[in-house]
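Here the structure is laid out as structure tokens; the discussion comes afterwards.
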């Protein structure tokens, strides 16, 4: 496990602290405590259409039981490392081929990871990678801007559906709807090239990802994720990634390929 974490951590050693390069934006409509700090426990803000406003810059919560590891002694989200962190290893419902591939990837000590080779990360990784993401909300479309590799995602709320012969993608095609105060997002149309996490849990092109996104209060957002991939797993895997608002900060650009020096060591 330590070798996996060390390999992954190197990719982010220069990116995590950089979000502090923006000056604090005090012009935003932010509820504050008596000492002037953002009040993250304030009520959920509402969008003009009355829905909960998910907008903001969010950063994953780290593993509460995690210990500093890797070159820069980071503590990661447990779900960034392992989407099945809530299960014992023997409880993970692998299909035989997926189990074999998973252990092959573990033996590579992170060398085979898409991120190590500056290839795209999938949604489950992006939601818990140790750099922030930004949600921009409109009534018919939600955009998620990820600092990691400066990629974006569209969630259509207006009835858009992917074409039946849509080209498989790393991040698939996302549609959403509101169920009460929870945004339910369904994503299909994945290729089979990605990893679900840093350890290397695989997925197939049959992956269907369901995210139930709920803003608990002003400063906290929960993303319940359901991984349903009958080709790779005999039953769904479910976990909840908690995130916290970076109330006065914003994103930076970040490209993995800029000054990339890892791959030459993996030949």
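The values are calculated or read from the model by the stated rules, or taken from the named source; none is laboratory data. Nothing here was measured: the structure is a model prediction, and the numbers come from that model. Reconstructed Cβ throughout: ideal geometry from the backbone, glycine too, with neighbour counts over all protein chains shown.
Here are the numbers for the structure shown:
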item: From 42, 6, 47, residue being surrounded by 12 or more Cβ atoms within 10 Å (Cβ to Cβ), within 21 Å of the chain's Cα centre (by Cα) and either within 29 Å of residue 76 (Cβ to Cβ) or at pLDDT 95 or above (or both); result: 6
item: Tally of residues being within 23 Å of residue 119 (Cα to Cα) and buried (at least 21 other Cβ atoms within 10 Å of the Cβ) across the stretch 174-210; result: 15
item: Hey, residue 136 under 25 Å from residue 248 (Cα atoms) and modelled with pLDDT under 95 or not; result: no
item: The stretch 224-242: number of residues that are in a loop (DSSP other than H, G, I, E, B) and surrounded by 21 or more Cβ atoms within 10 Å (Cβ to Cβ); result: 2
item: All positions within the stretch 93-117 that are in contact with a helix residue (DSSP H, G or I) (Cβ under 8 Å, 6 or more places away or on another chain) and assigned to a loop (DSSP other than H, G, I, E, B); result: 109, 110, 111, 112, 113
item: The stretch 83-96: number of residues that are under 16 Å from residue 229 (Cβ atoms) and touching a residue at least 12 places away in the same chain (Cβ under 8 Å); result: 7
item: Tally of residues being on the phi < 0 side of the Ramachandran plot, without any contact (Cβ under 8 Å) to a residue 40 or more places away in the chain and surrounded by fewer than 18 Cβ atoms within 10 Å (Cβ to Cβ) across the stretch 153-173; result: 13
item: From 124, 187, residue being within 30 Å of residue 56 (Cβ to Cβ), at pLDDT 95 or above and assigned to a strand (DSSP E or B); result: 187
item: Test: residue in the stretch 79-90 that is assigned to a strand (DSSP E or B), modelled with pLDDT under 95 and within 19 Å of residue 125 (Cα to Cα); result: no
item: Those residues of the stretch 55-69 which are assigned to a loop (DSSP other than H, G, I, E, B) and either touching a residue at least 60 places away in the same chain (Cβ under 8 Å) or crowded, with 16+ Cβ neighbours inside 10 Å (or both), in sequence order; result: 55, 61, 62, 63
item: Subset of the stretch 28-47 [without any contact (Cβ under 8 Å) to a residue 24 or more places away in the chain, in a loop (DSSP other than H, G, I, E, B) and under 28 Å from residue 157 (Cα atoms)]; result: 29
item: Tally, over the stretch 141-167, of residues that are within 22 Å of residue 256 (Cβ to Cβ) and in contact with a strand residue (DSSP E or B) (Cβ under 7 Å, 6 or more places away or on another chain); result: 8
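Residue by residue, here is whether (1) surrounded by fewer than 22 Cβ atoms within 10 Å (Cβ to Cβ); (2) within 20 Å of the chain's Cα centre (by Cα) holds:
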| residue | (1), (2) |
| --- | --- |
| 98 | yes, no |
| 103 | yes, no |
| 108 | yes, no |
| 114 | yes, yes |
| 123 | no, yes |
| 127 | no, yes |
| 136 | yes, yes |
| 144 | no, yes |
| 151 | yes, yes |
